[in-house]
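Structure first, commentary second.
The values are calculated or read from the model by the stated rules, or taken from the named source; none is laboratory data. Keep in mind the model is a prediction, meaning the values are calculated, not measured. Note: ideal-geometry Cβ built from the backbone for every residue, glycine included; neighbour counts use all protein chains shown. These area figures cover heavy atoms from the full protein model, side chains too; ligands, DNA and RNA do not enter into them. Shrake-Rupley method; radii C 1.70, N 1.55, O 1.52, S 1.80 Å.
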Amino acid sequence: MATIFTKIIKGEIPCYKVAEDDDYFAFLDINPVQKGHVLVVPKIEEDYIFRLDDETLSGLMVFAKKVALAIEKAVSCTRVAVAVIGMEVPHVHIHLIPIQKESDLNFAQKKEFEAGEMAKTAKAIAEQL
Ligand code: AMP
């Protein structure tokens, strides 16, 4: 069965899309740790990042870098933090989270934003790409 992220990539489930190319896709995390929290995923379905083939893994990181630089421009932050957890969704994803300080990266404390604010944030990041 397709993963929830594959359904998002195919447009079967809505998302706040940020970027896409032939092999990768980026969209806002629906339960963000901070405003501008983006997930970057490969289009191929693989559960665990370290089982990706080298080409897909390196391409994923290069794609994530482009998105992170766009996040930096669109959202006020000192850094874009990078995290890979993967305990919830069995489809490789890199979390990109704009932070001001280390304590901003707390996965136990999610933030809520109105749909309009989420759409605005996704558009602002996409416009920097
Ligand atoms: P983890 O697998 O532990 O890295 O966490 C999965 C992440 O995916 C969580 O931060 C969720 O908020 C996020 N997530 C799950 N479903 C969706 C969705 N439909 N759209 C956007 N983000 C999602």
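Worth pointing out:
- Where the chain is the region considered: accessible area per residue in Å², 1.4 Å probe: 59 Å²
- Overall shape: oblate for the stretch 1-77, with the ratio a/c of the largest to smallest alpha carbon gyration tensor axis at 1.5 or above and b/c at least equal to a/b.
- Simple point charges give the picture: +1 on the Cβ of Lys and Arg, -1 on the Cβ of Asp and Glu, and for the chain a dipole about the Cα centre of about 500 debye.
- Carbon and sulfur %, accessible surface of the chain computed with the full protein complex present, 1.4 Å: 52 percent
- Modelled label positions at GLU12 and PHE50, each set 7 Å beyond Cα in the direction of Cβ, lie 3.1 nm from each other.
- For the chain, the longest principal axis of the C-alpha atoms and the axis of helix 115-127 are separated by about 70°.
- Tally of Lys pairs whose C-alpha atoms are under 12 Å apart, taken over the chain, 8 or more apart or cross-chain: 7
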